[in-house]
Every structure is written in structure tokens, then in C-alpha cells.
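Undergrad: One structure is given below, represented as C-alpha cells, and several questions about it will come after.
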Amino acid sequence: MKRLIFFGAGNISQAVISGLINSGYSKKDIFYIDRNQTNSLKLKKLKIKRLELSSSQPSDIFILAVKPKDAIGAYTDICAFVKKPKIITLVAGIKSKKYLSQFANVELMRVMPNTSSRFKKGITALFNISASKVTQREIALLFKKVGMVLDIHKESHLDDFTGL
């Protein structure tokens, strides 16, 4: 299994992490980066370890789950440490062009899960921006562990999905 690094550990990250653990994903392959003490305590109870960005590896998958105002900063932080990172952004409202204008050498996908993922009953929309087919398949399989997956072929449809 690849290491998953949740950059931001709020409600949606906690829901996806719980769903992954409940579906058998190994806790030793899930990490988080978050400065919020409450989130850290909740993940510590789940035995999920905090990670420093400087400890990341090129094969890691980053799941960007911060507030929209912090997304581009977090994205550029990841890109500064990892060459051609795999970044899955769960951030609503920020289009792929905005990310890619900062760093383009990224395997990037926009993904919109919901909190029902905690119970393996989630519905997740996936939009591949620049990820390889192998990475896209890997991410689809990952989110199928927490529920149903819908492939979206037009980025504007992610906004429709999020609104529903």
C-alpha cells in the first residue's frame, strides 16, 4: 500500500480515514499534517501518526484537505518538497488552473467525497486533471473502499456534485 498523507485533518479527512481503516487500510500507511490540536488529538486516538512534510517520499499520495484560503499555500509547500507529487485535492471551489499555474509538474486530481465515507457509504466524485492512468485507477480503488465512486469528465460538474 502507498502512504497516504492527509494535509489537513478536519472532518472530511477524519471521515475518509475512518472509512479506510474500517475497510482494512493499514493505519501504518496513513499520516497527517495539521496544526490544529483538536484534529491532532482525534487522529492520535485512531493511532494515526503526524508527519513532517520534510519526511515525505516521492511515492506518497497527498490528500489536500484544507480550507480554500489555505489550499494554494499547502499545494506549493508540497510541491517545494516533492518532485512531481501526487496530489488529490478535496478542496471545493478552487479550479485546477489555479493549482497548475503555481506548479504544473504534478499528478493532480480533484476529488469530492462526503462524510458518509466514515461508514463506507460515501459517494465520491473524481476528476482527473493531470494524473497518470495508473494513479487515477489507484485513487478510484482507494475511494471505492469508502463507498461509491463517480468519474466526472468535466470540471464544472464537480461544482454541481458538491452542491448536491
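The values are calculated or read from the model by the stated rules, or taken from the named source; none is laboratory data. Remember, it's a predicted structure, so these values are computed and weren't measured experimentally. Here Cβ is always computed from backbone atoms with ideal geometry, including for glycine, and neighbour counts include all displayed protein chains. All accessible areas refer to the heavy atoms of the entire protein, side chains included, with ligands and DNA or RNA removed. Shrake-Rupley method; radii C 1.70, N 1.55, O 1.52, S 1.80 Å.
Undergrad: Give the residues of the range 104-157 that are under 12 Å from the mean Cα position of the chain (by Cα) and of a type in the set (Ser, Thr, Tyr), sorted by residue number.
TA: Selection gives 124 alone.
Undergrad: Can we say residue 83 is under 21 Å from residue 108 (Cβ atoms), touching a Ser or Thr at 6+ places or on another chain (Cβ under 7 Å) and not in a helix (DSSP H, G or I)?
TA: no
Undergrad: If I ask for residues that are open to solvent by 40 Å² or more (accessible area, probe 1.4 Å), within 14 Å of residue 157 (Cα to Cα) and of a type outside the set (A, V, I, L, M, F, W, C), which ones from the range 77-130 would you list?
TA: 93, 95 - these are the residues of the range 77-130 that are open to solvent by 40 Å² or more (accessible area, probe 1.4 Å), within 14 Å of residue 157 (Cα to Cα) and of a type outside the set (A, V, I, L, M, F, W, C).
Undergrad: Pull up the range 8-20, narrow it to residues that are open to solvent by less than 30 Å² (accessible area, probe 1.4 Å) and not in a loop (DSSP other than H, G, I, E, B), then point me to the one that is nearest to residue 115 (Cα to Cα).
TA: Only one residue tops the list, namely 15.
Undergrad: Going through the range 21-35 one residue at a time, which ones are touching a helix residue (DSSP H, G or I) at 6+ places or on another chain (Cβ under 8 Å) and loosely packed, with under 13 Cβ neighbours inside 10 Å?
TA: none
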